[in-house]
Amino acid sequence: MLREVLETAGHAVVEADSLAAARQALREARPELVLTDLRLPDGDGLAVLNDARDADSTLPVVVMTAYGGVQDAVAAMKAGALDFLAKPVDPDYLLLLVERALTARRLANENILLKEELAARRGAPRLIGEDPALRRVLAELQRAAGTDATVLLLGESGTGKELFARTLHALSRRVDGPFVAVNCAAIPATLLETELFGYEKGAFTGATARKPGRFELAHRGTLFLDEIGDLPLPLQAKILRVLEEHRFERVGGTATLQVDVRIVAATNRNLTAAVAARAFREDLFFRLSVVPITIPPLRDRPGDVPMLARYFVERFCRDLNRPPLMLSPDAIDALQRYRWPGNVRELQNCIERAVILADGHVIEARQLNLQPAPAAVAAAPPAGEPADPDPWSRIDLSGTLADVSQRVLREVERRKLQLALARTGGDRARMCEELGTTAKGLASRLRDLGLE
Ligand SMILES: Nc1ncnc2c1ncn2[C@@H]1O[C@H](COP(=O)(O)OP(=O)(O)OP(=O)(O)O)[C@@H](O)[C@H]1O
Ligand SMILES: [Mg+2]
């Protein structure tokens with residue numbers, strides 16, 4: 001009777017007539033919800049409940065008890081059952097309970113994602129830009145958004161690849177689905193596989209419950225594979241298979257899962273060179289670059305600089321609770337002449353500093369601190385003149401105390417990092433050791449100083 005009611009409502013039902021059969025069904029059928037009787041020929045429903053919750057702590061279990069079995073029901077609820085049904089079961093009530101349980105489970109998954117989204121969106125960034133070079137790229141993005149094609153976003157560090165990926169999702173028909181981001185460079189290679197594909201309980205020491213991977217969580221939405229150029233070769237093979245077949249298995253699992261996911265990947269590496277060097281699979285490269293979109297560096301879209309600068313000034317004033325500030329014409333001019341090796345991120349950081357340090361209503365050019373190294377610290381002697389023997393006279397002491405310390409500190413840091421880069425050939429682990437920084441700290445300094 002239960003099967004009939006549930007199937008009529010569109011659910012797939014797997015039956016088990018004993019505890020042993022239930023255990024097998026839990027393993028093989030991977031249900032979304034479990035309905036169990038309390039008395040079973042070879043055990044009881046509480047054992048089913050325990051097994052189910054062990055396999056997946058979010059799996060809803062509803063226990064059926066004989067009329068009057070209140071004690072049993074209470075015990076089941078204490079053990080983690082979602083609810084209980086008194087027998088004889090009322091079909092309408094059963095359906096109501098099942099729908100509610102399935103919704104709760106979906107919401108629990110969505111909740112994980114929403115929390116991350118929220119954290120990522122504080123002060124939801126808008127895509128700013130009017131330069132024809134940017135407008136052209138936006139038009140490409142708009143066209144790609146109308147399809148499910150895999151998009152590969154290319155561009156220097158700080159050009160806005162992540163922002164473009166989010167915008168693509170927002171423009172697509174998947175906008176109501178999840179946007180799930182994975183930074184392939186930030187997660188250690190050993191954890192990346194379980195992060196992407198999830199794992200089954202018992203897949204490895206410490207895997208005490210099943211965990212869904214990012215591919216599963218992105219179902220009906222967009223999966224953003226950031227820094228794809230850093231993906232280790234063995235994982236490249238696995239990703240290729242998902243792209244080709246939309247199927248995968250959890251780590252330690254045998255069941256094949258099917259997902260409906262649109263992939264957007266990004267990298268600031270030269271993938272063509274990586275393919276030539278056999279560090280990146282050519283077949284994966286072709287799969288990913290169905291629609292390649294290259295975001296031009298900020299220096300190639302000068303029209304965007306004043307707009308972005310004003311937008312950031314406004315945003316940081318609001319964030320920092322400061323009265324509105326203006327950029328002087330000289331400041332705008334200096335911003336437009338600078339080359340922005342760290343692109344929009346560097347501009348954003350530069351404006352944030354200027355807003356913090358500003359003391360009047362106007363941000364002047366000198367407060368932006370834009371002289372390229374090494375002139376900011378030590379100006380070269382005029383041609384034909386001997387170098388000044390007093391090093392202090394070569395340090396630019398104009399501006400406030402904060403201006404000077406910041407300018408000098410920045411230049412010293414830049415020098416030190418450049419030296420370390422040259423000495424280690426860019427080996428991050430050795431650089432961290434030498435500089436006494438964490439990998440994260442180092443990456444952010446390099447980005448900040450436009451040395452990436
Ligand atoms: N056109 C834009 N309008 C507004 N903000 C932008 C724009 N482009 C970039 N930004 C901002 O600049 C910062 C850097 O952008 P993002 O993180 O997307 O760059 P990225 O290309 O992913 O860099 P990386 O390669 O270093 O990861 C972000 O804070 C982003 O919101
Ligand atoms: Mg990025």
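Structure notes:
- Subset of region 66-121 that is polar (S, T, N, Q) and under 25 Å from V182 (Cα atoms) - its residue that is modelled with the highest pLDDT: N111
- Residue check, F197 open to solvent by 10 Å² or more (accessible area, probe 1.4 Å), over 13 Å from the mean Cα position of the chain (by Cα) and not basic (K, R): no
- E346 being within 16 Å of ligand 2 (Cβ to nearest atom), within 21 Å of D448 (Cβ to Cβ) and acidic (D, E): yes
- Complete set of residues in region 421-432 that are exposed (fewer than 13 other Cβ atoms within 10 Å of the Cβ) and over 27 Å from the mean Cα position of the chain (by Cα): A422, R423, G425
- Close pairs from region 390-410: first under 23 Å from I356 (Cα atoms), partner modelled with pLDDT under 75 and among the charged types (D, E, K, R), Cβ under 9 Å, at least 6 apart: V404/D396; R407/D396; V408/D396
- Among the conditions (1) touching a strand residue (DSSP E or B) at 6+ places or on another chain (Cβ under 9 Å); (2) open to solvent by 30 Å² or more (accessible area, probe 1.4 Å), E411 misses just one, which is (2).
- Test: residue in region 162-170 that is within 19 Å of A443 (Cβ to Cβ), among the basic types (K, R), within 14 Å of ligand 2 (Cβ to nearest atom) and not in a strand (DSSP E or B): no
- For region 220-235, the candidate set comprises residues that are farther than 13 Å from I263 by Cα and away from ligand 2 (no atom under 15 Å from the Cβ); within that set, the residue that is most open to solvent (accessible area, probe 1.4 Å) is P234.
- Single condition R339 does not satisfy, out of (1) under 19 Å from R414 (Cα atoms); (2) modelled with pLDDT under 95; (3) crowded, with 18+ Cβ neighbours inside 10 Å: (3)
- Residue list for region 291-313, restricted to those being open to solvent by 10 Å² or more (accessible area, probe 1.4 Å) and away from ligand 1 (no atom under 12 Å from the Cβ): V291, P292, R299, D300, P302, P306
- A165 vs. criteria buried (at least 20 other Cβ atoms within 10 Å of the Cβ), more than 17 Å from the chain's Cα centre (by Cα) and either among the small types (G, A, S) or more than 24 Å from F312 (Cα to Cα) (or both): no
- Residue selection: L134 fails the criterion of being open to solvent by 30 Å² or more (accessible area, probe 1.4 Å), modelled with pLDDT of 90 or more, over 28 Å from Q258 (Cα atoms) and within 10 Å of ligand 1 (Cβ to nearest atom).
- Only one entry of F248, F224, F215 meets the criterion of being at pLDDT 90 or above and under 30 Å from P297 (Cα atoms), and that entry is F224.
- All of T272, T205 fail the test of being free of Cβ contacts under 8 Å to residues at least 40 places away in the same chain, farther than 25 Å from E156 by Cβ and either of a type in the set (S, T, N, Q) or assigned to a helix (DSSP H, G or I) (or both), apart from T205.
- Yes/no for I263 being assigned to a strand (DSSP E or B), within 15 Å of ligand 1 (Cβ to nearest atom) and in contact with a helix residue (DSSP H, G or I) (Cβ under 7 Å, 6 or more places away or on another chain): no
- Meets criteria (surrounded by 17 or more Cβ atoms within 10 Å (Cβ to Cβ), over 29 Å from A443 (Cβ atoms) and charged (D, E, K, R)) for R287: no
The values are calculated or read from the model by the stated rules, or taken from the named source; none is laboratory data. Just so we're clear, the structure is a prediction, and the values are computed from it rather than from any experiment. So basically every Cβ, Gly included, is an ideal-geometry build from the backbone, and we count neighbours across all protein chains shown. We work out accessible area using only protein heavy atoms, side chains counted, and drop any ligands, DNA or RNA first. Shrake-Rupley method; radii C 1.70, N 1.55, O 1.52, S 1.80 Å.
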